[in-house]
Amino acid sequence: MMHLVRLYLMCFDILENEKIVTKRTKEHDFLMEIRNGKYITENNDVLPEFFELVDEYEKRLEYDAKNTSLPEEPDYKRIREFVASVNEEIIREGRFI
């Protein structure tokens, strides 16, 4: 459950801010609460509040996906050039197994 929420938060950062944030400092306590059972009953059922949270995140994600400034398609040429440069550097420096 925690990872689902974390992934939503990362998607929001990507679509809204064009950044990948893996260290969730601002949301750390909230994510730990989820991991530690904040939305789980004594019978190990998921509380409706969690599904409500996920529904809200899903709506936000749909909105963000429609309104992002990111292009529809990645720049494949630039990606290929980057991969080639990394591979060339690895081979040149002998850092391969």
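Each reported figure results from applying straightforward, stated rules to the coordinates on display, with no laboratory input. In this text, all values refer to a predicted model and were calculated from it rather than measured experimentally. Every residue, glycine among them, receives a Cβ derived from its backbone with ideal geometry; neighbour counts consider all protein chains shown.
Summary table below
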| item | result |
| --- | --- |
| Peptides 32-38, 8-14, 88-94 ordered by average Cβ neighbours within 10 Å, highest first | 8-14, 32-38, 88-94 |
| Of every Cα-Cα pair in the chain, the percent that sits beyond 20 Å | 57 |
